[in-house]
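The next block holds one structure in the form of structure tokens; read it before the comments.
The values are calculated or read from the model by the stated rules, or taken from the named source; none is laboratory data. Here the structure is a predicted model, which is why all the values come from computation and not from measurement. With ideal geometry, Cβ positions are generated from the backbone for all residues, glycine too; neighbour counts draw on all protein chains shown. For accessibility, only protein heavy atoms count, side chains too; no ligands or nucleic acids. Shrake-Rupley method; radii C 1.70, N 1.55, O 1.52, S 1.80 Å.
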Amino acid sequence: MEYQVQNISRDNFEQCIKCTVCTVYCPLLSVNPDYPGPKQAGPDGERYRLKNPAFYDSALKYCLNCKRCEVACPSGVRIGDIIQRARIRYDRSPVKLRDRMLANTDFMGTVAGALAPVTNFMLRRRIVKQGLQAVLGIDSHRTFPAYSATTFAQQFKSLADAQKGYPRQAVYFHGCYVNYNYPALGLDLVRVLNAAGIGVRLIKGERCCGVAKIANRLTDSARADARHNIKAMQAALGADADAPVLFTGSSCAFTMRDEYPHLLEVDNSAVRSNMMLASAWLAREVERGAVKLVFKPEYTRRVTYHTSCHIQKLGWAIYSIRLLKLIPGITFVPVESQCCGIAGTYGFKKENYATSQAIGAELFDKLRRIAPDVVACDCETCKWQIEMSTGIKVENPISILAEALDFEATAAANR
Amino acid sequence: MKFDVVITGGGLSGLVAGTALAKARRKVAIISSGQSALHFCSGSFGLLGKAGGKTLESPLAGIELLPPTHPYRKMGAEATGAYADAAPLLFAEAGITLKGTSRANHRHLSPLGKLRSSWLTMGDFMTFSGERPPMKDCVIVNFEGFLDFYPSYLADGLGALGVRCRTASVKIEAVERLRRSSGEMRAASVARLLRGEALEELAIEINKVCGDADTVFIPAVIGFDSEEHLQRLRRMVGVPLYCVPVTPMSVTGHRAQQLLRHRFGQLGGTYLLGDSAVAAHMNADGSVRAIETASLCDDYLEADRFILAGGGIFSRGIVAAPHKIYEPLFGLDVQATDDRDRWFDADFFARQPYMSFGVATDAAFHPLRGGSAVENLYAAGAVLGGADPLTEESGAGIAITTALHVADLIINS
Amino acid sequence: MVFLKFFERRQLVIQIFLCNFEAQNTIMLNNTQLLKEYDVVIIGAGATGAGTARDCAMRGLRTLLVERFDFTAGATGRNHGLLHSGARYAVTDRESATECIEENMILRRIARHCVEPTGGLFVTLPEDDLGYQSTFIDACRAAGIDARAIDPAEALRMEPSVNPAITGAVTVPDGAVDPFRLTTANVVDAKLHGADVLTYHCVEELIKEGDRVRGVRLRRQGSQELFDIRSRLVINAGGIWGHGIAAMAGININMFPAKGALLIFGHRVNNVVINRCRKPADADILVPGDTISLIGTTSSRVPYDAVDRMDVTQEEVDILLREGMKIAPALAYTRILRAYSGVRPLIASDDDPSGRSISRGIVCFDHAARDSVEGMITISGGKLMTYRLMAEQAADMACRKLGVEAACRTAELPLPGSEEEPKPEKKRFRKSHIIELSTNQLAAKGRHGTLSGDIDFSRDSDDALVCECERVTAAETDYAINRLEVNNLVNLRRRTRLGMGTCQGSICACRASAMLARSFGNDVALADLASFINERWKGMRPVGWGQTLVEANFSAWIYQGVCGLAPGKTDTSAL
């Protein structure tokens, strides 16, 4: 008789052998002793919560959802998922107005973007920052990224027609940051892909991936967005069922690939294998000879790569590093993978500011010592955090690639 | 992705093999599903402590007493000794100081004050040969509220060796903060905080309680990422200072893992942390073509040679189901019985048969699959059957020497 | 030697506590100044013995409770922990069923902190006869058990782990009861009412004067010291071992040891008790108990001389899983922490020495009437559920024989820990600004009820976790060691759940051992640590595969590899 061939439990919580390795890699533990740590908050706490929800500990809200505990776990326990699921399920405290604002990136982006010059001016004023801290609890040290007057989606319209002419096609999930704050990155990707002979399609009615809503417990809303996104993604793929769906933000990619099925219980299996980080996908394409890149000979930079927590979890940092190393003018300096402390909206909250900076302190020190021309990173919130804390410029590998690429020669090589 | 060698398992064995191969300019990838068992290592490596019912003074002398299927017997005593002697340099290059030689086992203290014997021990710890440790009067210092260090057990153990012991506890402000968390006053959390000024504070506190002791023992919670911190502390404390291992998780084990991994990266190796091998793709001739991983999906890791260093039952390199012992990735032949009644001894502290379960290999460490050797696959470390690492005190020795051996086989082929 | 040290140190601790606590009305009572003569000596500190001691003490009898090992070391600590509604016996044994439901309602009142009123389901599987359901419901109602048929879909909503293929479901007022807490609370209350308690004292022989039992000769475990205690009456509450105790008086009781094996799953698979609606058979009850779930039991006759060495076999594990999977499919893949077995003291009625008509009912013998041996009562049979009723019957008989007129009050007065709470406690909070209990304090409260107020969380280090799986803090460990008759790690486990969780002691045993060493000395504590690890291994072995074997392997690396621990001269693991 076959039984117990495998031990199965939700998020593998029972695979835990209590070895405590996760606690060693939790970036939060040594800076915030009020947080019970991934082992207690995760699998240990789960046994008690299954017995009685009263054992839910409100200190779980401190979890960054960085998933570094999961990366460290030798037993495959999805510790971060257990913690986030517990927050979703048991935390009944009302979601603050501030958290709703931070989480509703689409709404905020649309409103702020429409009034971009005013918004950007205002958000940089000390008095406004102090007001935001006092009224909403958004830390006054933080500066909101500047909003763009025209969104990426609007800017893309002028390029859309030309895209159909390319022999290969890719779908691009630009995400809120590219759309509302930094269309330049999206435009870089379109230029790079076009040069490589690949046309770009956007997802009609794309909504936020939901990372911020999940972190702020707006689960129902995140789930609705997720269902919509998956459907829209399928529609965008259309007949090109094998075309890639590319991301320039590692958190968007991670959320849609893994958090959708694990936390939101939204089935993404139809498109999951299509979803790839743009830098990872390009590195693969170059490696298998499907794409050729030609670089400007005069381009030289000293570059280091910061592995964001979510790309660490995705396991794709090697691709971004490979892509950077393809650029002959780059001197690559490695730095140990470590959390920068921002964790999306987490670091924007007044109560988390000190923690956020304490987590990142070691990384900032290392980066200052390396003193690269630019830090490459696949995550936008890491970019804000590192730029704010070190003054060193941070760019997406795609933007670095765009800067280094000889577009004409590349286009010719891929014709 | 194409490599010269792909290694499954990023613990002691996988990293040693990977480092040796990377040094020989091979393009190597290591897949490591989570952090390794090295995190639980006490800071000492055993080569061979017991064999044929005897306690060994010289580890190499015991090899002939081992069963013929034992990995050491397969390599031979001479080769085992040579690999063992090559190991300290490899660790030194990674920034890990080890004391000891393969000629004679030395002694060191366990967290409970028992005497253990080992081949190599990290520089943090006190080692000695002969009957008595080199001190007369020591003070054992603990951090207030730290539960994983046992000064009174240690004092008894040292007392039995003729050492006068005092115990003392100290409060360090940075560490005190941790006590607000009910579960996280643990070695690693303490170690992360004991650097910079906190270390100076600790030195002052130790000097205060030291009195006229000739030696200070503290829990092994210094030096999360390098040996530098302990060296600094030692310079600030007036008398010789040693660490004593605490119950896991081990700070020195963590440090060794990080330093080895860093070294491997410096040599150009690719370490895929948190990814796991989900399937092996085989060629028609029975050799391995590629490994498929959870994160890289359809981008298979191809290589000319593969090393299986996934560990034993503890690391799930070998899996026990109710009525079956198996190797999950390649479906290799295992040295084991499926009859569960024969897996265990009723006495926990006796030799447990299950601990020697592992893959069967030929003389050249090629694992067997359906009875025939897989020619481009090698097995190293705890995944190997035929050894009982715990009672033989040979775990780290097998991991290191077999890793160096298969690396050699690959380099010379 | 080990035990000698245990007890010498123990007494020192006790004396210190006497000085500290004598003035207060605390649970730490005189364990050292034994009387020369008692009204009753009760042998065996399972639930029945502890309950009898409480009852006798409450009725003003000078009472001594004697136990050769620890409380709950026998069948009391080795069963389902099911708060029976009685439904299980309704069809086959009306009397037992009625007793059960009455006691069930009493325990909900007097033992609130030991009971969890989860409710229960009796489900019919496709392979079972649905026709049995109406027989079952009728029998339940006749016994006074509130049994109601519900729609299977409704049952699935109530308890999602139940097999979705069920064809019928009945709700009954089942629940979970923690036998360790229940027994400890009875002992604590017995002591509060003046009873004396001796654990780790073995009855060497019964003192007889002619045909009259006049006391017991006790042997102190460890020191082997012998001493006599005289009593007007001896009550044999030795469970299956009562057979041997009776034999000391030359009395034969026809006992049939029935072994029952159970499996403990790593977490709560179900939150409602699930029974199978058929005639009682193997592995047809799944009970949620504290942080885990239990499936049981098997039932097999074992020879009397085997009752001290019970191992769970592969076959028993097979049966438990094969049948258990049918009522809750998740059992096929849920991690199993351990297996254990207990021995039911079944007694054949006197008119049937062959044992064919074995009853699970209560047996209370006055050996003066039955065997012409004066001064001795045997209370046996029954089950955990009816321990209080058994105690009442034994105490009634004792009072009758001793000519004491006092009514039983055990059904009305709550056990210590289960009193109504006057108001939420606030003074003991470690952090004054926090209104709610920390999860650790909440866990302690679940285990000790209102007595958890005596746990001193005033220092920072008190909230430090010793056992992480079961959230046992340093403060609770100290409390148990000092106040709840703890001599070793096994005792500590029974009082607090330390080492009962997922890791089965691999992380916490060492920490707790160092705390015990403060009272008992290093040598004793280290030998005990090895015994404890071995005791945990005993239960893990029968289910030693998957993560449970990984866990055992981890434990072996820690204790043998890193720590160099070796077993001591005395093995306390069986105690």
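Specify the residue that is surrounded by the most Cβ atoms within 10 Å (Cβ to Cβ); the eligible residues are those in region C:455-490 that are in a loop (DSSP other than H, G, I, E, B) and among the β-branched types (V, I, T). The selected residue is C:V486. The residues of region C:289-311 that are open to solvent by 20 Å² or more (accessible area, probe 1.4 Å) and either of a type in the set (D, E) or at pLDDT 95 or above (or both), listed by number, are C:D305, C:D308, C:D311.
Selection of region C:190-226 for residues being under 24 Å from C:G74 (Cα atoms), of a type in the set (A, V, I, L, M, F, W, C) and in a strand (DSSP E or B) yields C:V197, C:L198, C:C202, C:V203, C:L206, C:V216, C:L218, C:L226. Looking only at region C:119-151, residues that are open to solvent by 30 Å² or more (accessible area, probe 1.4 Å), closer than 15 Å to C:K326 by Cβ and either in a helix (DSSP H, G or I) or touching a Phe, Trp or Tyr at 6+ places or on another chain (Cβ under 7 Å) (or both) come to 0 in all. Whether any residue in region B:269-286 is of a type outside the set (V, I, T), assigned to a helix (DSSP H, G or I) and out of contact with any Asp or Glu (no Cβ under 9 Å at 6 or more places or on another chain) is what I want to check. For region B:269-286, residues of a type outside the set (V, I, T), assigned to a helix (DSSP H, G or I) and out of contact with any Asp or Glu (no Cβ under 9 Å at 6 or more places or on another chain): absent. Restricting attention to region C:149-200, the residues being more than 30 Å from C:R493 (Cα to Cα) and not aliphatic (A, V, I, L, M) number 10.
To keep it simple, each residue is scored yes or no on (1) β-branched (V, I, T); (2) free of Cβ contacts under 8 Å to residues at least 60 places away in the same chain; (3) touching a Lys or Arg at 6+ places or on another chain (Cβ under 7 Å).
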residue	(1), (2), (3)
C:V162	yes, no, no
C:V172	yes, no, no
C:G175	no, no, no
C:N186	no, no, yes
C:H201	no, no, yes
C:R214	no, no, yes
C:Q224	no, yes, no
C:D228	no, yes, yes
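Restricting attention to region C:477-494, does a residue exist that is within 11 Å of another protein chain (Cβ to nearest Cβ) and either touching a strand residue (DSSP E or B) at 6+ places or on another chain (Cβ under 8 Å) or farther than 25 Å from B:S42 by Cα (or both)? Yes, the conditions are met somewhere in region C:477-494. Counting only residues that are part of a helix (DSSP H, G or I) and of a type outside the set (D, E), region B:224-241 holds 8 of them.
Residues of region A:1-21 being more than 8 Å from chain C (Cβ to nearest Cβ) and not in a loop (DSSP other than H, G, I, E, B), which ones? Answer for region A:1-21, where residues must be more than 8 Å from chain C (Cβ to nearest Cβ) and not in a loop (DSSP other than H, G, I, E, B): A:R10, A:D11, A:N12, A:V21. Taking residues in region C:307-318 that are within 11 Å of chain B (Cβ to nearest Cβ), and partners anywhere that are exposed (fewer than 14 other Cβ atoms within 10 Å of the Cβ), the pairs with Cβ atoms closer than 9 Å and at least 6 places apart or on different chains are C:R309/C:A574; C:D311/B:A346; C:T313/B:D341; C:Q314/B:D339; C:Q314/B:D341; C:D318/A:M1. Taken together, B:F365, B:F348, B:F330 contain a single residue that is in a loop (DSSP other than H, G, I, E, B) and either buried (at least 24 other Cβ atoms within 10 Å of the Cβ) or touching an Asp or Glu at 6+ places or on another chain (Cβ under 8 Å) (or both), which is B:F348. Across region A:59-79, a minimum of one residue is classified as without any contact (Cβ under 8 Å) to a residue 40 or more places away in the chain, within 30 Å of B:L273 (Cβ to Cβ), part of a helix (DSSP H, G or I) and within 14 Å of chain B (Cβ to nearest Cβ). I'd like the full set of residues that are touching a strand residue (DSSP E or B) at 6+ places or on another chain (Cβ under 6 Å) and open to solvent by 30 Å² or more (accessible area, probe 1.4 Å), limited to region C:228-255. C:D228, C:R230, C:R232, C:H243, C:M248, C:N254, listed by residue number. Within region C:180-214, being over 29 Å from C:C114 (Cβ atoms) and crowded, with 23+ Cβ neighbours inside 10 Å holds for C:L206, C:V213. From (1) modelled with pLDDT under 95; (2) within 19 Å of A:I392 (Cβ to Cβ); (3) within 13 Å of another protein chain (Cβ to nearest Cβ), pick out the condition that doesn't hold for A:A317. Status for A:A317: all satisfied but (1). Per the conditions (1) open to solvent by less than 40 Å² (accessible area, probe 1.4 Å); (2) in a helix (DSSP H, G or I); (3) over 19 Å from A:L185 (Cα atoms), the sole criterion not satisfied by A:R368 is (1). Taken as a whole, region C:539-551 holds no residue that is outside any helix (DSSP H, G or I), touching a residue at least 60 places away in the same chain (Cβ under 8 Å) and more than 9 Å from every other protein chain (Cβ to nearest Cβ).
Between B:D298, B:D285, B:D304, the distinction of being open to solvent by 50 Å² or more (accessible area, probe 1.4 Å) and within 8 Å of chain A (Cβ to nearest Cβ) belongs to B:D298 only.
Number of residues in region B:170-181 that are crowded, with 20+ Cβ neighbours inside 10 Å and facing chain A (nearest Cβ under 7 Å) equals 2.
Take the conditions (1) under 24 Å from the mean Cα position of the chain (by Cα); (2) in contact (Cβ under 8 Å) with a residue 60 or more places away in the chain; C:P117 misses just one of them, which is (2).
In region B:312-327, the condition of being touching a residue at least 40 places away in the same chain (Cβ under 8 Å), under 18 Å from B:H405 (Cβ atoms) and part of a loop (DSSP other than H, G, I, E, B) is met by at least one residue. Which of the residues belonging to region B:1-60 are over 17 Å from B:I96 (Cβ atoms), outside any strand (DSSP E or B) and hydroxyl-bearing (S, T, Y)? Within region B:1-60, B:S33, B:S58 meet the criteria.
Considering region A:1-54, and only residues there that are out of contact with any helix residue (DSSP H, G or I) (no Cβ under 6 Å at 6 or more places or on another chain) and of a type in the set (K, R), the residue that is surrounded by the most Cβ atoms within 10 Å (Cβ to Cβ) turns out to be A:R47.
Regarding region A:246-253, can at least one residue be identified that is part of a loop (DSSP other than H, G, I, E, B), open to solvent by less than 10 Å² (accessible area, probe 1.4 Å) and under 16 Å from A:E380 (Cα atoms)? Yes, the conditions are met somewhere in region A:246-253. Would you be able to tell me the number of residues in region A:22-52 that are within 11 Å of chain C (Cβ to nearest Cβ) and not in a loop (DSSP other than H, G, I, E, B)? Residues in region A:22-52 being within 11 Å of chain C (Cβ to nearest Cβ) and not in a loop (DSSP other than H, G, I, E, B): 14 in total.
Of the residues making up region B:185-208, at least one is in a loop (DSSP other than H, G, I, E, B), over 30 Å from A:S320 (Cα atoms) and touching a residue at least 40 places away in the same chain (Cβ under 8 Å). Counting the residues of region B:24-55 that are open to solvent by 20 Å² or more (accessible area, probe 1.4 Å), farther than 27 Å from C:I507 by Cα and in contact with a helix residue (DSSP H, G or I) (Cβ under 8 Å, 6 or more places away or on another chain) gives 4.
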